[in-house]
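Read-outs throughout are calculated quantities, based only on the coordinates presented, and are distinct from any laboratory measurement. Predicted model, so just to flag it, every value in this text is computed and none were measured. Positions of Cβ are generated from backbone atoms using ideal geometry, with glycine treated the same way; all protein chains shown enter the neighbour counts.
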Amino acid sequence: GEDVEQSLFLSVREGDSSVINCTYTDSSSTYLYWYKQEPGAGLQLLTYIFSNMDMKQDQRLTVLLNKKDKHLSLRIADTQTGDSAIYFCAERKKGSQGNLIFGKGTKLSVKP
Amino acid sequence: AAGVIQSPRHLIKEKRETATLKCYPIPRHDTVYWYQQGPGQDPQFLISFYEKMQSDKGSIPDRFSAQQFSDYHSELNMSSLELGDSALYFCASSRGQGINNSPLHFGNGTRLTVT
């Protein structure tokens, strides 16, 4: 995804918090999403945030949106080994018919 | 809860053959999307349909075509297969269109291997 950028790797210890960052370039994007992909599996929708919000919390997940800097982050509290996966940030641009532009994905490794 | 169903799960074809991938959206979802994910790559949007009409087109090769049927399921037809077509093909579905559509939910994908 040339419009959405993420760091490729993140390694944390079990029980720590993980923060995965994403930058996007289209300030008119309406929704921003986080998907999780385990090896050989599909894309699981984790959470999403509308562009007029700056924070959304859902159990262990916290999404922060800085629209001025076009920066999105996903914080996973109390990271578990089962959280090891690739996390994709995706944006839905204003005027699109709903299709998403994905980042390259961040591979999260959780060490016991 | 019911999810997006894709079939087959795996498919092996030879160069120049054809392949058909099927997608059954979540009940009451009227929009389907097709994505292609190459090894180690992010998913790339191919094409989408809303109420059986093509709604958007991405980087879909001319050798590929797709349609959505009256029961909202969709099929992706791929002809003259090339080695570079080997990838994971995802279908996603949502309800509604544009600003009002619900989040996209993805199936588990079809892994196509072209030899």
**Complete:** Relative to the compact-globule estimate 2.2 N^0.38 Å (N residues), the Cα gyration radius of chain A stands at a ratio of 1.01
**Request:** Grab every C-alpha pair in the range B:17-115, bin the distances at 5 angstrom width from 0 up to the longest one, and report whole percents.
**Result:** 3, 14, 26, 26, 18, 9, 4, 1, 0
**Message:** Considering only C-alpha atoms, what is the centroid distance from the range B:1-28 to the range A:75-112, in Å?
**Reply:** 24 Å
**Prompt:** How high is the relative contact order of the range B:38-115, in percent, with contacts defined as C-alpha pairs under 8 Å that are six or more residues apart?
**Reply:** 23 percent
**Request:** Would you please put B:51-60, A:40-49 in order of how densely packed they are, using the mean number of other Cβ atoms within 10 angstrom per residue and starting with the highest?
**Result:** A:40-49, B:51-60
**Asked** How many partner chain Cβ atoms sit within 10 Å of a residue's Cβ in peptide A:98-108, on average, as a whole number?
**Response** 6
**Item:** Tail beyond 23 Å, pair distance distribution of the protein assembly as shown (Cα, percent)
**Value:** 48 percent
**Request:** Step through the table entries B:K13/B:K52; A:K36/A:K68; A:K70/B:K52; A:K36/A:K93; A:K36/B:K13, compare each Cα-Cα distance with 23 Å, and write down the pairs that go over it.
**Result:** B:K13/B:K52; A:K36/A:K68; A:K70/B:K52; A:K36/B:K13
**Message:** Please compute the contact order of the range A:1-100 in relative form: average sequence separation of alpha-carbon pairs under 8 Å and at least six residues apart, divided by the residue count, as a percent.
**Reply:** 35 percent
